[in-house]
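Data first, discussion second: the structure below is written as structure tokens.
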Amino acid sequence: MKLYDQAQNLVTRVGIIQVFAFTLLVILGVRLYYLQVVKGEYYSEKAENQRVRFIPIPAPRGAIFDRNGKILVDSRPTYNVTLSNEPIKKIDVSDRVDDYAQGLQVDRQFVVERINLIKKQPEFETLVIKENATIQDIVWVESHELEYPELRVEIQPQRFYPLGKVLAHVLGYVGEISPKQLEKPEVKEKGFRAGDIIGKGGIEQYYDEYLRGKPGYRKVLVDSRGRVQDELEVVPPQAGQDLISTIDLDLQNAAEEQLANSTTKRGTIISMDPNNGEILVLASAPSFDPNAFATRSSTPEGRKEINQYSTNEERPLINRAIQGRYHPGSTWKIPESVAGLQQGAITVKNSNLVCGGGIQIGTKHTRCMGSHGSPPLGYAITKSCDGYYYRLALKMGIAGLIQMIEDFEYDKRSGIDLPNEKISQTPKSWMPSVVKNEGKWSDIRTVYASIGQDTVVVTPISMLRAISSISVQGKMFVPHLLKEFKGIGAIGEEGEPNYVPARASFGFARPEPKLIEMTPEQNKLVLDGMWGVVNGGGTGAGIRIQNFEIAGKTGTAQNSELNSGGAKDHAWFVSFAPAYKPEIAVIVLIENSGFGGSHAAPAAKGVYNAYLSKNRPDLLDGQQLAKK
Amino acid sequence: MAAILEKRNFRDFDWLVAFLAVGIVSFGVWQIYNAQPAQTYWQKQIIGLFIALAALIAIAATDYRRVIDAAPIFYAVGLVLLILVLTPMGVKINGQQAWLKIPLIGQFQPSEFVKIPVALMLAKYFGSRKTGTLRLKEVLVGIGILAAPLALIMLEPDAGQALTYFPILAVILFLSAVKIRYVVLTIVAGLIFLPLVYWVGVETGKIKNYQQERIKVILDPENADPRGFGYHTVQSMITVGKGGLTGIKGDTDTSQSVLKFLPEPHTDFIFAVTAENTGFIGCISLLLAYALLLSRLIAGARQAPDRAGMLVIMAIAGELACQIFMNIGMVLGFLPVIGVPLPLMSAGLSAVLATFIAIGFVISVKMRRFVN
């Protein structure tokens, strides 16, 4: 064909089309070079990121036992419904809130909070939306698999508190780390993420680091819908260490029973081995159920329960043993007696002071409950003579009282292995503001302070520590709940990238006890007085046990300032037994119940009886044996 | 027929073109296997290749002039098929009624084949004219020939396939002495009107939301919703980029298509699979093969014994070039996602058969270049 003959430069036009076609191919080639050679690494990484997932394997938390191996807390596998953010990251799911809430029987507000929180997380994170899923929940999730791919059912270890309200303040509870906590740099550093379970309160919080395991993970290959295609790597979790506590569950139960049977059902009982500081009992009433926080916090009922705990006027979440502060009343006289002897205000040979039925300071007369003449120390303790101590304190002076407060460390925390312990308030801490407001520290305040009123409010644990020290020649042990952490094996071999070293067993690192200096004679004088309280016709005579001599001191603390309507006094009883060779110390405080000898001392006896029937059944007196 | 072949024209049979076509399809079979190793698409494609090859040889052996003479009949048959697609005989897949199911023959896509009668019809009409500039009436007739099948395809609706018809008319008009100033005018008008039409379409709601999204993702792929309508484009770019210089050697278990990140890997996005598996080197080789094929076709056009034959070859070459560009441009993320298969590579008997028939026709023209 003679293309050349044709009009309009046909040859050129064919050529133009050819050039045009090649230009298109060159454009493609350039673009290919850009995507594959220039940005190849970038896309390769993107592809890797979207197909590889790390699915955490939660580590079981260490269990907690009492000193005899009875289980106090453990973890058991439960089905949780989790919410993952990947399928809903880019879409508005506000219209699903009601469906979730109804389908899973969870609180609507909780669902809203969860969705808000998960949307702030990086991709592929999950949060629990329903703990302890029931069969109905699981069926609901599975039947809505296509509609709501963000919901999944997963088996996760769940903290369980079989004792319920018993020991709740000691054990604490676990819960999800709060967004506020997560913002702290020291928390972030440890690699915590939203949705992580941490200890809150009690041993769970104090020893969280050891109880918590190290989660493992599964590195998996997923397809575009997030379905697992292959497992690339599994790093097993390292479980947390089991904790053996110093608690004796049998004694604890006895103490809880005493509190439950008390007049106001409010108060605390603590028991300790005075020879080493091991806490045997720590009960605080009213109490709460840790399971409400650990397993029911997503349900409307659980949230109501938790809300009720924090608004309840009786404040069940407060651990009265370490966070309550009470006027010690006459129990204060015991450390004061030791201090009087130490400081030379009285001596072993001449410890007599006038009772006088009270004392006149300026225009104010402060009376004693009785008229005790001019008793020696022992008698003053046994009969709880206020007049004696008014004069003792005035003799020691406020400086002497402050010296005693420092010696017995009422100005410090006891150091017990529990979080959020409060410090007692004493004339030492009040002095600056009293002097500022009143110009000086007046004698009347010293007189009030001598019987544990006015400027003196102490935590029961600080009182227990001081009293116990007197039973062991002044050795102030740090009270503690940890007996032993069990060791746990390593994960993997050393040198491997995912190697997790073994964790060794360890006990409580007991500091050397602080020593209250006193002569054996001085010590004996105070012990004799305390012996007399129970065994010598004193204020605690009602709880005498024939073959197990209790040394104690009653206290009846006025607290009218708390409640102008004239709330009843707090009843105290501080004690240890046997008096001269102590095995166990018990202190009791019952709020607003009245006289210490009649409301607190019997509760202490209940604990001693439990101790005897367990350890020394031969010593139980006939009456107790008959009861058994 | 075989006798004719044997007798005189075997030496003129364009072996290279046939070899390139078969080679690209074979390469495509490998990629289809990479895309869907668990499925039977690659086996079907092999069967398709043999059917298509038989068709190619048959068409090559036929005198193209007789075929062009019969163009109106083919054209009419094509229109009937496109109408039948819209009747209950048609099969709807992914919202498009583009397939026809006929007993014994099976299921096929008429819009793939009708390109050939359209090209023949246009070549017949414009090939018979003598010299001189194109008149308006002739242009209108050309548009009319194109408009009828196009309207039917838009009813399916298959906008992507419809787009591939335009180059056929464009090439034929361009080679039929349309004045260059009109060509320039059309291009300028297109550049102005295309955004305007888009804007009007968006405002009136004619261009649907997902179509808008597909345009937006091209303009700004990083900020597009990777889970929404931008998904295809984003995943396609990841797949291509991942291939790097030499491709993912052997690690097929983690490929984008096996893990289903890449949609339609064996059809519309087969080039992404190629890019992932063979890398830049493999892709450039494929583009070179296409370039060689196109230049052989155009060389054949230059030697065509008559005007109609030249027009048919150029129309087919132009259409192939545009379709390759549209498909790969989509895969490389700079053209919007429209369902156009990659010629000779994408799985699908209709597409391969139609392309082989077109190439067979080109060979037929070349074989008869001295028989004037």
Condition broken by B:Gly279, with the remaining ones in (1) assigned to a helix (DSSP H, G or I); (2) facing chain A (nearest Cβ under 10 Å); (3) on the phi < 0 side of the Ramachandran plot satisfied = (3)
inquiry  = Looking at the structure I just gave you, is B:Ala60 under 21 Å from the mean Cα position of the chain (by Cα) and loosely packed, with under 15 Cβ neighbours inside 10 Å?
reply    = no
task = Of all residues in the range A:93-127, count the ones that are among the charged types (D, E, K, R), over 30 Å from the mean Cα position of the chain (by Cα) and surrounded by 17 or more Cβ atoms within 10 Å (Cβ to Cβ).
result = 1
task = Give the residues of the range A:485-520 that are outside any loop (DSSP other than H, G, I, E, B) and either in contact (Cβ under 8 Å) with a residue 40 or more places away in the chain or within 30 Å of A:Asp407 (Cβ to Cβ) (or both), sorted by residue number.
result = A:Phe485, A:Ile488, A:Ile491, A:Val500, A:Arg503, A:Gly507, A:Lys514, A:Leu515, A:Pro520
query = What number goes with the only condition from (1) out of contact with any Leu (no Cβ under 9 Å at 6 or more places or on another chain); (2) part of a loop (DSSP other than H, G, I, E, B) that B:Ile338 does not pass?
reply = (1)
inquiry  = Condition check: within 14 Å of chain B (Cβ to nearest Cβ) and either crowded, with 16+ Cβ neighbours inside 10 Å or part of a helix (DSSP H, G or I) (or both). Does A:Val220 satisfy that?
reply    = yes
inquiry  = Here are the criteria: (1) within 29 Å of B:Leu173 (Cβ to Cβ); (2) more than 7 Å from chain B (Cβ to nearest Cβ). Tell me which single one A:Val38 does not satisfy.
reply    = (1)
ask   = Say we look at the range B:311-325 and pick out the residues that are closer than 18 Å to B:Gly160 by Cβ and more than 10 Å from every other protein chain (Cβ to nearest Cβ); which of these is surrounded by the most Cβ atoms within 10 Å (Cβ to Cβ)?
value = B:Glu319
ask   = Considering only residues of the range A:128-150 that are more than 33 Å from the chain's Cα centre (by Cα) and not in a helix (DSSP H, G or I), which is surrounded by the fewest Cβ atoms within 10 Å (Cβ to Cβ)?
value = A:Leu146
message = Is it the case, given these coordinates, that A:Asn275 is under 22 Å from A:Met463 (Cβ atoms), touching a residue at least 12 places away in the same chain (Cβ under 8 Å) and outside the structural domain of A:Lys165 (by TED's automatic domain parsing)?
response = yes
note = Being at pLDDT below 90, facing another protein chain (nearest Cβ under 8 Å) and either in a helix (DSSP H, G or I) or surrounded by fewer than 19 Cβ atoms within 10 Å (Cβ to Cβ) (or both) narrows B:Lys249, B:Lys260 down to just B:Lys260
query = Tell me, which helices (runs of 4 or more DSSP H) lie completely within the range B:107-203 with 2 or more residues that are within 14 Å of chain A (Cβ to nearest Cβ) and closer than 30 Å to B:Leu342 by Cβ?
reply = B:115-127, B:166-175
inquiry  = Tell me the residue from A:Gln360, A:Gln403 that is farther than 19 Å from A:Thr556 by Cβ and either of a type in the set (Val, Ile, Thr) or without any contact (Cβ under 8 Å) to a residue 24 or more places away in the chain (or both), please.
reply    = A:Gln360
ask   = Applying the selection to the range A:157-199, what residues are touching a residue at least 24 places away in the same chain (Cβ under 8 Å), among the β-branched types (Val, Ile, Thr) and assigned to a loop (DSSP other than H, G, I, E, B)?
value = A:Val166
request  = Could you tell me whether any residue of the range A:455-463 is over 23 Å from the mean Cα position of the chain (by Cα), closer than 29 Å to A:Lys524 by Cβ, touching a residue at least 40 places away in the same chain (Cβ under 8 Å) and buried (at least 23 other Cβ atoms within 10 Å of the Cβ)?
outcome  = yes
query = Would a scan of the range B:290-298 turn up a residue that is surrounded by fewer than 21 Cβ atoms within 10 Å (Cβ to Cβ), closer than 26 Å to B:Thr233 by Cα and within 8 Å of chain A (Cβ to nearest Cβ)?
reply = yes
task = Looking for whichever is touching a Lys or Arg at 6+ places or on another chain (Cβ under 6 Å), closer than 12 Å to A:Leu151 by Cβ and more than 14 Å from chain B (Cβ to nearest Cβ) here; the options are A:Val128, A:Val141, A:Val106, A:Val111. Which one fits?
result = A:Val106
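The values are calculated or read from the model by the stated rules, or taken from the named source; none is laboratory data. Fair warning: this is a prediction, and the values are worked out from it, not measured in the lab. Quick reminder, even Gly has a Cβ in these numbers, built from the backbone with ideal geometry, and neighbours come from all protein chains shown.
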